[in-house]
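K.L.:
Dumping the structure here so I can ask a few things about it.
The values are calculated or read from the model by the stated rules, or taken from the named source; none is laboratory data. Bear in mind that the values here come from a model prediction, so they are computed numbers and not experimental data. Neighbour counts run over all protein chains shown; Cβ positions are idealised from the backbone, glycine included. Please note that ligands, DNA and RNA were not included when accessible areas were found on the heavy atoms of the full protein model with its side chains. Shrake-Rupley method; radii C 1.70, N 1.55, O 1.52, S 1.80 Å.
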Amino acid sequence: MTQQVPEFQFADDALRLRQFIYQYWCDTGHGPNLRAAHEGTGLSREQILQAYRQLDLGIICVVDHDSQNCNLLKAQPFSSFPSQVEVHLDGRFHCYAGCAMESMAISLMPPFAGKEVRLESYCACCLAPVTIATRDGDVLSRTPESVLIHVSASPWDWNKTNIVSMCDSMNFVADAEHAAAYEKKVCRRGVLFRLDQAQKFVADTARNRMHRYDWPPARVMPERIIAGIKALGVDVTNWSG
């Protein structure tokens, strides 16, 4: 269980690898393999694998610990595999976002400063298109206007082994009615974020990712997370029982 992890600091190798991964993904639209990571950081295979494991524990990325190459599955806010959200840059597909919530922070990454980052997704209920245009953390437009983010997993179930299932639970929905229909489809109740609430929820991450080289590891502390979300005005009743 990787909730309630005691505070720790990333080693220099982990910090160097993290910065390289962010820049590489922003530049190329995909994550690095071991050779690219070695050439970009000067770290050995063993150093890279140990650094990845630290970054995974600190909720910076998700790696396949059972693979010999420590395959990189996610490096928040990006996903190596198709997710609910496509990120479009300069009018063309760039990469997949980790989830609907993470996608709201992408345009604040330094390599994307001043650029329009378009998010192409869909309503989790009916698969109707959802399009959101962002720039420097601001929402420029949204279709439909009523779009919300539905989170169907409680923070008590976030990051039990990694964040894959947590990300899977964070989806765009056309409106509250579609959210209710989606809950019936997946047999789960959830909570709804307006886009402005989602922006505030990811704001701390967005202000630190790539902006602060020594940004410390993240930790999942369910009670604090729920209290913080409630303070944003989100109705967390479905997480209180």
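K.L.:
List the relative contact order of the chain as a percent without decimals, with contacts defined as Cα pairs under 8 Å and 6+ residues apart.
P.N.:
Result for the chain is 20 percent.
K.L.:
Could you grab the Rg to Rh ratio for the chain? Cα atoms only, Kirkwood for Rh.
P.N.:
0.95
K.L.:
Follow-up. Do the sum for the chain: with -39,500 (n - 2.57) for every DSSP H run of n ≥ 4, divided by all residues, what is the mean residue ellipticity at 222 nm, to the nearest 500 deg cm²/dmol?
P.N.:
Counting only the DSSP helices, I get -9500 deg cm²/dmol.
K.L.:
Just report the Cα centroid separation between region 42-72 and region 175-224, whole Å.
P.N.:
Answer, in whole Å: 25.
K.L.:
Here's a follow-up. Over region 179-241, with every protein chain in place, what whole percent of the accessible area is carbon and sulfur at 1.4 Å, could you tell me?
P.N.:
50
K.L.:
A follow-up question, please. P(r) for region 1-103, please, calculated from all Cα pair distances in 10 Å bins and given in %.
P.N.:
With 10 Å bins starting at 0, P(r) equals 15, 47, 31, 7, 0.
K.L.:
Would you please give the FRET efficiency between SER67 and VAL186, computed as 1/(1 + (r/R0)^6) with r the Cβ-Cβ distance and R0 = 41 Å, to the nearest 0.05?
P.N.:
In this case the efficiency is close to 0.90.
K.L.:
For ARG118, ARG16, ARG189, give me the order by solvent-accessible area with a 1.4 Å probe, most accessible first, ignoring ligands, DNA and RNA.
P.N.:
Final ranking, largest accessible area leading: ARG189, ARG16, ARG118.
K.L.:
Still on this structure, please answer the following. How much accessible area per residue does region 12-95 have, counting only protein heavy atoms and a probe of 1.4 Å, in square angstrom?
P.N.:
45
K.L.:
Moving on to the next point. Could you rank THR205, THR134, THR237 by how accessible they are, 1.4 Å probe, largest area first?
P.N.:
Correct descending sequence by accessible area is THR237, THR205, THR134.
K.L.:
Put SER83, SER103 in order of accessible area, largest first, 1.4 Å probe: what do you get?
P.N.:
Ranked from most to least accessible, the order is SER83, SER103.
K.L.:
Setting aside same-chain residues fewer than 8 positions from LYS74, which lysines have a Cα under 28 Å from its Cα?
P.N.:
LYS115, LYS160, LYS185, LYS200, LYS230
K.L.:
Hey, another quick one. If I ignore ligands, DNA and RNA and count only protein heavy atoms, how much of ASP168 is accessible to a 1.4 Å probe, in Å² to the nearest 10?
P.N.:
Surface accessible to solvent at ASP168 totals approximately 100 Å².
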